[in-house]
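> Before I ask anything, let me first share the structure, which is written out below as structure tokens.
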Amino acid sequence: MNNSQIKIAFIFLLLSFHILSCIRESGQKRIIEATGTIESTEVEVRSKTFGTIEKIMFKEGKFVEKGDLLCLLDTEENEINLKKMEAKYRELLSKYELLKSGYREYDVKRQQAVVREIEEKLEDAERNFRRIDGLYKKGFASRQEYDSAETEVSVLKKQLEEAKSQYALLREGYRREDIESALAAVKEAEAEIELIKKKIRDASIRAPISGIITEKLAEKGEFLREGMPVALITDLDDTWLTIYISETDIGAVKQGQNVRVKIDTFPEREFKGKVSFISPQTEFTPKNIQTKSDRIKLVYEVRVMLENKERIFKPGMIADAYIDVNQ
């Protein structure tokens, strides 16, 4: 073999090697790699009413079920207000029932007798007062006796005025607007009772979701106003990885794509995820995300839903995502 033949054979060998390399590269899977932060649904438990925390039944790091009692607020004041309002309600209801049913002749006569009885008592009280007044001026009665006699007259006059007013009302009968007004008062009292009962129910603060208590935000003895936070609950069953994909790669990412996820805590394990959200808008690369190329400034937010039955993933963890765009 001469030199020319050797050169030709060498060139052919190089070309063959290059062609084989291209085929091997084209046959490889294209993987998009991204690093992001794991997040979970977090719910702040807030008080729906005001009151002093009487008892706390949860600890940080413990799992709670939806509806579990977390803490109790003092309800003494509301219990007292409830009893008062229930008594007022019964009184208003009785008045309404009386107005609705109308008056009986017996009621009119009975009230007339009450007026006469008070008038007689007042006459006796006035005679007694005149007598005490005369003795007091002469120094034969004490100031206490004088004041007592005077007070008795004053009280009976007021009672007589109220009795006469009631007697006049009984004789004239009830007006329709009086009945409607009484009914409105009954309904208002009912609404107030329900409001107080709700405050008492709301004094038992319960977990709105199942999850881990990740932060305790109140202490026993602390006074809470409506809307103040008590605890932070993290739902580890609703966990995802947030990553950012460049403009050049986002076209290859699809909803529902399988994603392989790895975390430093378990470097030997590989976890599964699915693309659940692709932002329709670009944004500048977040400061806490390090990208491989500083030249790419605009990215798309992508969320990868994770299975977290073992509750391995925790909010704030850094994870690496691998998306096979050829799948």
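Every read-out reported here was derived from the displayed coordinates using simple, explicitly stated rules and does not represent laboratory data. Computed from a predicted model, the values in this text were never measured in an experiment. Because the Cβ atoms are built from the backbone with ideal geometry, glycine has one as well, and the counts that use them run over all protein chains shown.
> Would you list PHE223, PHE271, PHE50 from fewest to most Cβ contacts within 10 Å?
Sorted ascending by nearby Cβ count, the order is PHE223, PHE50, PHE271.
> If you don't mind, there's one more thing I want to ask. Mind checking Rg over Rh on the chain, alpha carbons, Kirkwood formula for Rh?
1.46
> I would also like to ask the following. Could you please rank GLU65, GLU54, placing first whichever residue has the fewest other Cβ atoms within 10 Å of its Cβ?
The fewest-first ordering by Cβ neighbours comes to GLU65, GLU54.
> Taking a cut-off of 22 Å between Cα atoms, list the lysines near LYS83, but don't count ones fewer than 8 places away on the same chain.
Excluding near neighbours in sequence, the set is LYS48, LYS95, LYS187, LYS197, LYS198, LYS199.
> So how strong a dipole does the chain carry about its Cα centre when Lys and Arg Cβ are +1 and Asp and Glu Cβ are -1, to the nearest 20 debye?
700 debye
> Based on DSSP H runs of at least 4 residues, each adding -39500 (n - 2.57), what is the mean residue ellipticity at 222 nm of the chain after dividing by all its residues, to the nearest 500 deg cm²/dmol?
The per-residue figure over the chain is -16000 deg cm²/dmol.
> May I pose another question? Could you state the angle between the C-alpha long axis of helix 105-138 and the longest principal axis of the C-alpha atoms of the chain, as a value from 0 to 90 degrees rounded to the nearest 10?
Once rounded, one gets 70 degrees.
> While we're looking at this one, here's another question. About its Cα centre, what dipole magnitude does segment 31-90 give when the only charges are +1 on Lys and Arg Cβ and -1 on Asp and Glu Cβ, stated in debye to the nearest 20?
The dipole magnitude comes to about 500 debye.
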